[in-house]
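The next block holds one structure in the form of structure tokens; read it before the comments.
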Amino acid sequence: MRLLKLVPDNTNVHFLKWQWPTTIVSVLLMIASWTLVFTEGLNYGVDFVGGQMIRVTFTQSANAPVAALRGEIEKLGYGEPVIQRVGNPNEVSIRMRLPHGAESNPGLSDQMVKVIRADLKSHHPDARVDGVDSVSGKVSGELKWTAFKALGFAALAISIYIWFRFEWQFGVGALVSLVHDVSLTMGLFAVTQMEFDLTIVAAILTILGYSLNDTIVVYDRIRENLKKYRRMPMNELLDLSVNETLARTIMVAATMLITLTALLVLGPKVIFGFSAALIVGIVVATYSSIYAAAPMLTWLGVTGQSFVATETAVDRQEKLARGES
Amino acid sequence: MLDFPVWKRIWVWALTLIVAACSLPTLVTQLGGTWPSQLPSPQVNLGLDLAGGSQLLLEAQPSDVAKQRLETMNETVRTRMRDAKPRIQIGDVSTANGRLSFLLEDPSQLDAAREALLPALNGTGSVREWDLQVVDGSRFVLSQTQQGLDQAVTQAMDSATEVVRKRIDALGTREPTIVREGAKRIMVQVPGLQNPQQLKDLLGKTAELEFKLVDTTALQSDIAQGIVPPGDEIVPYAPGTPGAGTSIAVKRLGGIRGDTLTNAQQTNEPQTNEPVVSIQFNGQGADKFGRLTTENVNKPFAIILDGQVLSAPNINEPILGGSAIISGSFTTQSANELAIQLRSGALPVKLTVVDESTVSAELGADSIHKGAIAMLVGTVIIVLLIAAAYGRFGIYADLAVIINVLMILGVMAVFDTTLTLPGIAGFVLTIGTAVDANVLINERIREERRRGRKPFQAVDLGYKEASRTIFDANITHVIAATLMFMFGSGPIKGFAVVLMIGIVTSVFTAVYLTRMWVALWLRRARPADINI
């Protein structure tokens, strides 16, 4: 039986020939991502800015009457709603800011939900309220802060781990490719204005883990080859390592993308953004483990000598004992 | 690495099968079957986003507790000074800025006053609860210590949690989860509850009931202008009562608090058929109530709930049996609500809802259904792909993936964890990473074969070399998952739990289990070549 091979045996692609163009593209994309995040802003969910979110399905309609809804709710005098389709065209989420003074009087926001629900029912008898989320400004502030803390600590902890396991250059390389992957994912959310909530933070943490996983596999091979082929020019050695791990890289990316696509297409719409973030993150992470993580090492001065074991005092004594100088 | 003596094989199989079997009760129930009740049945709980239901996060304000303690201290100081022998005269009492300060009329009583106060400053616990300062030789300033306040908040939250539990139990909803979160929050989850309004109404009141005498001498014009007659306080009528919008003056002292009730029921007033709440005092409360009503026949007294007057009926005759009727323009529902609140006791501190989320049962069921389909389709495609790519080795890997899913469910059931929607995503992801380990191993075996190593040696080296990488790679996932668990809330935690369990079980199934199968096959078949 012939087995399926996604990547032919003994590939010899000169990946590093493209290191400059790809680096420029990567840097430009990162700048673009952050510019967008700061200019366009992220479309934060109620988790992060506080407010009310009401999820509604119009059971008898093919399409949710978004424009009509917006007009109706605006008339209620609670400010402008943010109405978005979630998944199916007949499902929407309606987000409202907390009414003025709701921090001190929680009854106000209850009242608002009641009014909106009643209004929905009267205009659209087929509207089914699937869920209501209400987050106070205080809790959302805490959630935002802990989310950023989690991201920061994760990046730091993982880099320290790599620094211990490998040389410092590898730690820096891993960190750079990690920042790259997370930046581009954030960029995606700034461009598409998909809702950025707590589950997306979980997705980004996962991308962080995956990005490093991918980088480590390549780095592991580079380290192994550095010990094996001391005299090989660095670029050639990096190409060799990337090629040797290519079959694995592609295979794993493929399996991850298959499961995530299944989740995106067939899974519940509530985690659509989560799946989308992971898909982009994994594509980017695969690319960066080849084009960002590997070339970084040459720039940071890793050479064939980096992994030659330095002579320890014990080695020296043993040598002397054997009568060698 | 390929040595598997019989005892090891038994051990590995036993562990695998037992853990995987723990997933069966959950699977059988979810697929619509019934699990025999005589067997042990660990179950994976479904989070509210999958089961449908409501979740409320309630928060107490420590400043409320501080204010209450200040009031209590105020009373204590007055009593102690009055009861001191000789009596200590104090004046200019103020509770501004969170501190209690008062002036001694006679500075020579300084030591006596200090002596009388000291026991009250330390409270019951081991921490000092109040700081005492003496200014200008005659002014006492009492301020709360942080430890004292913290302890009071903790105590208040402990009893608040109990009260919340009692109130929710009275609603008759099934299996609510009520847990303390941090120092001043309580998380309430009620599966199946679609509209939490009733729950919020029930928990939104502290339900502190007081009976106070109405000061009939107070002028209505004074009250309207907010001029408080000496020894009185002004209390507004509750919205919905006939007197709503107006206030009355009641005597500050000499009233009764409703913390001595043994029971409260919603009933209907026999003559008017109006919904009312009948209450029953305990022995001590009944005595006090009897004395109050006896001494004040033909005077009105106010029934006050949470600082608002419900009604101010006339005392027609002494009420000695310890049971009374509260009327206050109730509907049957609001009377019933008040009865529950009074039965469960007053909340020691007001709780506000800071976070609330409701998921309909339809959406929850839809999420489970779609999540399961996505998982199934993803798994089937991967299983086929891996089998096509690595032949026999791929089939071993596939078996490992399937066992892995069962084992994750099993571990979750045993540890009584909750599966949430992000948790399902975690499952899908874990399947991906579990495959990663086998891909690493099998690619390595391929490589070693290409370098011309014999099958046995290639497999041995493949596992050995790949294991190091797998270990490194999984550690990064463990770090990410741990941080998600530590800092995350709600959805992030649900995801992290599955991820962490999945990392451990996937390394076991993908590395250890497949290695055993491959080793046994190699020893039995002794193939001259392996197709990989």
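The values are calculated or read from the model by the stated rules, or taken from the named source; none is laboratory data. Model, not experiment: these values are computed from the prediction. Positions of Cβ are backbone-derived with ideal geometry, glycine not excepted, and every protein chain shown enters the neighbour counts. For accessibility, only protein heavy atoms count, side chains too; no ligands or nucleic acids. Shrake-Rupley method; radii C 1.70, N 1.55, O 1.52, S 1.80 Å.
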Q: Read through the list (1) open to solvent by 30 Å² or more (accessible area, probe 1.4 Å); (2) of a type in the set (Asp, Glu); (3) farther than 21 Å from residue A:213 by Cβ, then give the number of the only condition that residue B:448 fails.
A: (1)
**Q.** Evaluation of residue A:39 against (1) within 14 Å of chain B (Cβ to nearest Cβ); (2) surrounded by fewer than 12 Cβ atoms within 10 Å (Cβ to Cβ) (one fails), failing number
**A.** (1)
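Each row is one residue, and each column tells you yes or no for (1) within 7 Å of another protein chain (Cβ to nearest Cβ); (2) buried (at least 24 other Cβ atoms within 10 Å of the Cβ); (3) over 24 Å from residue B:397 (Cα atoms).
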site	(1), (2), (3)
B:469	yes, yes, no
B:483	yes, yes, yes
B:506	no, yes, no
B:512	no, no, no
B:520	no, no, no
Q) Which fully enclosed strands (runs of 3 or more DSSP E) of segment B:180-237 have 3 or more residues being closer than 21 Å to residue B:312 by Cα? A) B:209-213, B:232-236
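Among the candidates B:277, B:188, B:235, single out the residue that is open to solvent by less than 20 Å² (accessible area, probe 1.4 Å), touching a Leu at 6+ places or on another chain (Cβ under 7 Å), within 19 Å of residue B:326 (Cα to Cα) and not basic (Lys, Arg). Quick ask: steps written out before the conclusion?
Working: B:188 fails: within 19 Å of residue B:326 (Cα to Cα); B:235 fails: touching a Leu at 6+ places or on another chain (Cβ under 7 Å).
When all the criteria are applied, what remains is B:277.
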Q. So which helices (runs of 4 or more DSSP H) stay within segment A:46-165 end to end and still have 3 or more residues that are open to solvent by 40 Å² or more (accessible area, probe 1.4 Å)?
A. A:66-75, A:107-123, A:137-165
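Kindly indicate whether residue A:199 is touching a residue at least 60 places away in the same chain (Cβ under 8 Å), facing chain B (nearest Cβ under 8 Å) and either on the phi < 0 side of the Ramachandran plot or assigned to a helix (DSSP H, G or I) (or both).
Working: touching a residue at least 60 places away in the same chain (Cβ under 8 Å): yes; facing chain B (nearest Cβ under 8 Å): yes; either on the phi < 0 side of the Ramachandran plot or assigned to a helix (DSSP H, G or I) (or both): yes.
In short, yes.
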Q) Quick one: which of B:366, B:355 is facing chain A (nearest Cβ under 7 Å), under 25 Å from residue A:129 (Cβ atoms) and part of a helix (DSSP H, G or I)? A) B:366
Q. Would you call residue B:498 over 26 Å from residue B:443 (Cβ atoms), open to solvent by less than 30 Å² (accessible area, probe 1.4 Å), in the same structural domain as residue B:422 (by TED's automatic domain parsing) and outside any loop (DSSP other than H, G, I, E, B)?
A. yes
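For every residue, the table says whether it meets (1) out of contact with any Pro (no Cβ under 6 Å at 6 or more places or on another chain); (2) open to solvent by less than 50 Å² (accessible area, probe 1.4 Å); (3) among the charged types (D, E, K, R); (4) closer than 30 Å to residue B:357 by Cβ.
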{"site": "B:197", "(1), (2), (3), (4)": "yes, yes, no, yes"}
{"site": "B:203", "(1), (2), (3), (4)": "yes, yes, no, yes"}
{"site": "B:212", "(1), (2), (3), (4)": "yes, yes, yes, no"}
{"site": "B:246", "(1), (2), (3), (4)": "yes, no, no, no"}
{"site": "B:249", "(1), (2), (3), (4)": "no, yes, no, no"}
Q: Being more than 7 Å from chain B (Cβ to nearest Cβ) and closer than 19 Å to residue B:382 by Cα is the filter; apply it to segment A:228-253 and report the residue that is most open to solvent (accessible area, probe 1.4 Å).
A: A:250
(Q) I want to confirm something. Restricting to segment A:262-282 and keeping residues that are within 14 Å of residue A:93 (Cα to Cα) and open to solvent by 10 Å² or more (accessible area, probe 1.4 Å), which single residue is nearest to the other protein chains (Cβ to nearest Cβ)? (A) A:270
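Here are some residues: B:406, B:376. Which one is within 14 Å of chain A (Cβ to nearest Cβ), open to solvent by 30 Å² or more (accessible area, probe 1.4 Å) and of a type outside the set (Lys, Arg)? Reasoning before the result, please.
On the way: B:406 fails: within 14 Å of chain A (Cβ to nearest Cβ).
Exactly one residue qualifies, and that residue is B:376.
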**Q.** Lone qualifier among B:503, B:441, B:479, B:492 - being part of a helix (DSSP H, G or I) and free of Cβ contacts under 8 Å to residues at least 12 places away in the same chain
**A.** B:479
Q | Residue selected from segment A:1-15 under the condition closer than 20 Å to residue A:253 by Cβ and more than 14 Å from chain B (Cβ to nearest Cβ), by the criterion surrounded by the most Cβ atoms within 10 Å (Cβ to Cβ) | A | A:15
Q | Hits in segment B:239-296 - residues which are of a type in the set (D, E, K, R) and at pLDDT 85 or above | A | B:251, B:274, B:287, B:288, B:291, B:295
Q: Could you list, in sequence order, all residues of segment A:1-45 that are modelled with pLDDT of 85 or more, of a type in the set (S, T, N, Q) and either in contact with a His (Cβ under 9 Å, 6 or more places away or on another chain) or part of a helix (DSSP H, G or I) (or both)?
A: A:22, A:23, A:26, A:33, A:35, A:39
